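The values are calculated or read from the model by the stated rules, or taken from the named source; none is laboratory data. A quick note: this is a predicted structure, and the numbers were derived from the prediction, not measured. A quick note on method: Cβ atoms are made from the backbone with ideal geometry, for glycine too, and the neighbour counts reach across all protein chains shown. Heavy atoms of the whole protein, side chains included, go into the accessibility calculation; ligands, DNA and RNA do not. Shrake-Rupley method; radii C 1.70, N 1.55, O 1.52, S 1.80 Å.
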Amino acid sequence: MSAALFIEQLLNGLQLGFMLFLMAAGLTLIFGVMGLINLAHGSLYMVGAFACAIVAAATGSFWLGLAASLAAAAAAGAIIEVLVIRRLYARDHLDQVLATFALILIFSEGARWLFGSFPLYLDIPSALGGAVRLPGGATYSAYRLAIIGIGILVAVGLWLLVSKTRLGMRIRAGESDREMVAALGVDIGLLYTLVFALGAALAGLAGAMVGALQSVQVGMGEPVLILAFVVIVIGGIGSIKGALVGALLVGVTDTLGRFLLPRGFELFMGTSDAATVGAAIASMLIYLVMAVVLAVRPQGLFPANR
Amino acid sequence: MRREQTVNACLILALLAAPVLAQLAGEPFFITLATRVTILALAATGLNIALGLGGLVSFGHAAFFGIGGYAAGILATHAFNGMPLFLGIPGTNQMPVIWIVAMAAAGLLALPIGVISLRTSGVYFIMITLAFAQMIFYFAISWPAYGGEDGLSIYVRNAFPGINTLKPMPFFLICFSLLAVALLVFSRLRDSRFGAALEAARQNPERLAAVGIAPNRIRLAAFVISAMVTALAGALFSDLNRFVSPSMLSWQMSGELIVLIILGGVGRLAGPLAGATLYVLFEYALGGITEHWQLFLGLILLAVVLFARGGVIGMLAGRAKHG
């Protein structure tokens, strides 16, 4: 096993981690501020990917597509918040799970109706098509590095937004005491719609960026959604810091597990058996991590103060 | 409660009458449809013990449904090809044995999952049960010995002593009898001291602990029983389809089971049956009109959650007296 290959896998893990962070940040923000568990977050990811693929195909520009994905996902988020989600804030988690499950059915079947079951293709923008030579001689996809870069930018941006701006102050205040915030004259309904649209836009951004690596199709959001749930549960629901740590932990554990475990098992069993056992355990690894974290710290690594 | 009993009796009689009429009319397809309703109702009745009585929102019951399915599939495969399972234990195609194995396997699995999951509550409980189910799902699709992603075929439906299970009607009656037993168990459980403790664990765990009953033990027992009933349904489901697919373990399946309960009425005896009936009828009626029936199912579901709380039983028999 060469160091270059290991570095490449590590970077793949980080890229997956930052992509998961984009999803998890929105989920955890929505849960932290509104106390809502949103299964339809994966649908917003899909909306972003479809918007990007369609606009990029029509205009020939990936970057216009990326902008469209942000706009489309934010708009879809704002619409479902106003129509459906705001009726659910006062309900218990069971109703929230069910209503957002219903939204998944509507989004998925709606998308299948409009675009068919065949995947759409989205090309990596030509400016990022090449590989970057890393110190140490390894090369790595420029596009994947860009995803890591955007993930870091979003993490810093969110931290600035939440801790340094007036809007962030209101978001934090809404988190701890919504009646008080409303009594002080803040339009809490509008604030919630904004937070939901922000989370949706981040999910759409993630969908668009991943859409260029994989294919854009109905049902692409749900596997990512479940990973993002694992992330926020590990990190502590409601904590953005927890989402970042959890996302990187899950991304790196999953990628390196798939890479290292089959090789590890080769040390004491045949190659094909090792590949089978290694792959089976690697696919369960992050769920094992989650179970261990919750068994030791039932509120996650960074419990939010609620 | 009298009105609810009437509604329950009507639902159960209708479920029994539908395949009889279908048999007389020479439409065996509807017997299969009724069997599907019965099995889904059984699975959801299992979940209803944890979710309805105990307030434990398990988003991972597909794990137990699938374990039951795989128990049936794996035992039948070994009986079919004559290879021993392990340690020289042969497979079997006898339903009663399969049911016991399925329930035991699910119970043994639910015990550690329950012990760990019950350390958490609320959203964390929902998510950790989902995570365990996903773990088993990914194990099933990446383990090639029993079909992996392709699933596992059961070539001949498993046998029951003295009954020809290959015909739709006898198989329906087997499923129906098991559902009847499960409903009886559910109502006995609900009205027992255990049921009262479980109810208390849901409403006020501190008080329950104060009178000397550990809430988590009660919850764990409910979770394990619930898993076993759902596994039994899984075994029947794979016999109905003569196929075990990893999709039985998928999180969509867990979601569907919750949907059945909410459609019918949470914690109500016949809630899962009403929900399953409605669900399968939707699937059949809407599926005949448009291939995008799930879109309309989503809209109906949304309307039920937002505007018609209490589900079908809630509408027909009024709100629950307690809860």
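General remarks:
- Nearest-10 value in Å² for the accessible area of B:Phe172, using the 1.4 Å probe: 0 Å²
- In this label model, A:Phe118 and B:Val185 are separated by 5.0 nm, measuring between points 7 Å along each Cα→Cβ vector.
- Stokes-Einstein diffusion coefficient of region B:180-310, Kirkwood radius over Cα pairs, 20 °C, 1.002 mPa s, in µm²/s: 127 µm²/s
- Ligands, DNA and RNA left out, the accessible area of region B:2-317 computed with a 1.4 Å probe is 67% carbon and sulfur.
- Centroid-to-centroid separation of region B:235-276 and region A:1-72 [C-alpha atoms, Å]: 32 Å
- Accessible surface buried by the B/A pair amounts to about 4100 Å², both sides summed, 1.4 Å probe.
- Lys, Arg +1 and Asp, Glu -1 on Cβ, resulting dipole of chain B about Cα centre, debye, nearest 20: 1020 debye
- Helical runs (DSSP H, four residues minimum) scored at -39500 (n - 2.57) apiece and divided by the length of chain B put the mean residue ellipticity at 222 nm at -24000 deg cm²/dmol.
- Where region A:7-218 is the region considered: accessible area per residue in Å², 1.4 Å probe: 40 Å²
- For region A:7-218, the share of accessible area belonging to carbon and sulfur comes to 66 percent (1.4 Å probe, ligands and nucleic acids excluded).
- List B:Leu47, A:Leu167, A:Leu161, ordered by accessible area with a 1.4 Å probe, largest first: A:Leu167, A:Leu161, B:Leu47
- Accessible-area value, A:Leu190, 1.4 Å probe, nucleic acids and ligands omitted, Å²: 100 Å²
- Spin-label pair A:Ile7-B:Gln203: with each label point 7 Å from Cα along the Cα-Cβ axis, the two points sit 6.5 nm from one another.
- Figure note: B:Leu240, B:Leu278 ranked by solvent-accessible area, largest first, 1.4 Å probe, ligands and nucleic acids not counted: B:Leu278, B:Leu240.
- Three-way shape label, region A:213-274, alpha-carbon gyration tensor, a/c 1.5: oblate
- Distance between the C-alpha centres of region B:288-311 and region A:240-306: 37 Å, rounded to the whole angstrom.
- Taken per residue, the accessible surface of region B:141-204 reaches 53 Å², heavy atoms only and a 1.4 Å probe.
- In this structure, A:Arg133 and A:Leu260 have a Cβ-Cβ separation that, at R0 = 22 Å, corresponds to a calculated FRET efficiency of about 0.35.
- The accessible-area ordering, largest first, of the residues B:His61, A:His93 stands as A:His93, B:His61, per a 1.4 angstrom probe.
- At the residue level, A:Met209 shows approximately 10 square angstrom of accessible surface with a 1.4 angstrom probe and all protein chains present.
- Chain B: relative contact order as a whole-number percent, Cα under 8 Å and 6+ apart: 33 percent
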